[in-house]
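J.: Here it is: the structure, laid out below.
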Amino acid sequence: MSDVIFTSKATAKNGRDGHVRSADGLIDLELVNPAENKEDKGSNPEQLFAAAYSACFDASLHLVASKQNKKIDSETTAEVSFMKDSEDNGFKIAVTMNTEIEGVNPEEAEELAEDAHQACPYSKATRGNIEVTLNPKAMEKPS
């Protein structure tokens with residue numbers, strides 16, 4: 001096993017219709033299954049995964065850009081879809097990673113997104129298990 005840098009800890013109770021709390025209390029959320037309950041307010045595992053994956057992917061994007069001596073600004077939005085799995089009649093998720101990158105041309109944005117997808121720990125963890133669509137977009141710097 002690799003050297004552990006840090007470990008985060010969270011506990012969920014009662015699944016999709018329950019509660020999740022991180023050990024430090026920064027995350028302390030009611031969970032609501034939006035497929036079955038459109039009335040109550042709360043988060044869900046897909047929303048939490050989208051937040052975590054977008055943050056990790058965006059950090060990886062900056063890492064690969066810095067290794068290529070490119071200075072960028074970026075914003076990454078992960079769309080995590082919960083869907084039926086026709087193979088086992090269960091469920092699965094898919095991700096579309098929408099990334100806006102300032103400071104590069106469209107070809108460089110594509111290359112950086114691909115490189116970030118190779119470097120990102122979340123991408124590594126899910127590779128071959130879920131469908132991930134990369135949707136990078138080069139943005140002009142505001143004048």
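J.: List the residues, sorted by chain then number, that are 5 or more residues from ALA138 or on another chain and whose placed amide H is less than 5 Å from its amide H.
T.: ILE101
J.: Another question, then. Only four residue types carry charge here, +1 at the Cβ of Lys and Arg and -1 at the Cβ of Asp and Glu. Report the dipole size of segment 45-139 about the Cα centre in Debye, rounded to the nearest 20.
T.: Dipole magnitude for segment 45-139 comes out near 280 debye.
J.: Only Cα pairs under 8 Å and at least 6 apart count here; give the relative contact order of segment 1-43 as a rounded whole percent. Please report the intermediate quantities before stating the final value.
T.: Values: 53 pairs, mean separation 11.1, N = 43.
Relative contact order of segment 1-43: 26 percent.
J.: Also, I was wondering about something else. Going by average Cβ density within 10 Å per residue, which order do the peptides 46-55, 127-136, 89-98 take, highest to lowest? Present the calculation step by step, with values, prior to reporting the outcome.
T.: Numbers: 46-55: 17.2, 127-136: 13.4, 89-98: 15.0.
Ranking, from highest mean packing down: 46-55, 89-98, 127-136.
J.: Could I ask something else about it? For a test of understanding, tell me how many lysine pairs in segment 8-105 have Cα atoms under 30 Å apart, given they are 8 or more places apart or on different chains.
T.: Pairs that pass both the separation and distance tests number 13.
J.: For segment 1-43, just say rounded, prolate or oblate: build the C-alpha gyration tensor, square-root its eigenvalues into a ≥ b ≥ c, call rounded for a/c under 1.5, and beyond that prolate if a/b exceeds b/c, oblate if not. Could the numbers behind the result be given before it?
T.: On the way: a/c = 3.56, a/b = 2.47, b/c = 1.44.
Prolate is the answer for segment 1-43, as a/c is 1.5 or above and a/b outweighs b/c.
J.: So if I restrict to the alpha-carbon atoms in the chain, what is the Rg, and what is Dmax, the biggest pairwise distance, in Å?
T.: 17.3, 52
J.: While we're on this one: If I fit a long axis through the Cα atoms of helix 45-67 and take the longest principal axis of the Cα atoms of the chain, what angle between them do I get, 0 to 90°, rounded to 10?
T.: 20 degrees
J.: On to the next question. In whole Å, how far is the Cα centre of segment 52-69 from that of segment 82-122?
T.: 13 Å
J.: Helix-only estimate, please: 222 nm mean residue ellipticity of the chain, summing -39500 (n - 2.57) across DSSP H runs of length 4 or more and dividing by its residues, to the nearest 500.
T.: On the way: 3 runs with 43 residues, N = 143.
Counting only the DSSP helices, I get -9500 deg cm²/dmol.
J.: Report the FRET efficiency, 1/(1 + (r/R0)^6), for GLU79 and VAL4, where r is their Cβ-Cβ distance and R0 is 30 Å, rounded to 0.05.
T.: Computed FRET efficiency for GLU79 and VAL4: 0.45.
J.: Continuing with the same structure: Using the Karplus equation 6.51 cos²θ - 1.76 cosθ + 1.60 (θ = phi - 60°), what ³J(HN,Hα) coupling, rounded to whole Hz, does each residue of segment 113-127 give in order, writing x for Gly and Pro?
T.: Here the 3J(HN,Hα) series is 5, 5, 5, 5, 5, 6, 8, 5, x, 5, 5, 4, 5, 9, 3 Hz.
J.: Taking 0.36 nm per intervening residue step and subtracting the Cα-Cα distance, what contour gain separates GLU114 from GLU87 on full extension?
T.: Once the chain is fully extended between GLU114 and GLU87, it gains 6.9 nm.
J.: DSSP loop GluC sites (Glu not before Pro) in segment 60-114 with at most 13 other Cβ atoms within 10 Å of their Cβ, which ones?
T.: Taking segment 60-114 and a limit of 13 other Cβ atoms within 10 Å, the loop GluC sites (Glu not before Pro) found are GLU87.
J.: Here is a follow-up. Among ALA119, ALA59, ALA35, which one shows the biggest mean-square fluctuation in a GNM of the chain, springs joining Cα atoms closer than 10 Å?
T.: ALA35
J.: In percent, what relative contact order does segment 31-143 have, based on Cα pairs under 8 Å that are 6 or more apart in sequence? Kindly include the intermediate steps, with their values, before the conclusion.
T.: Details: 172 pairs, mean separation 29.6, N = 113.
About 26 percent, as a whole number.
Laboratory data are not the source of any read-out in this text; all were calculated from the coordinates shown. Owing to the predicted nature of the structure, the values given are computational and were not obtained by experimental measurement. So basically every Cβ, Gly included, is an ideal-geometry build from the backbone, and we count neighbours across all protein chains shown.
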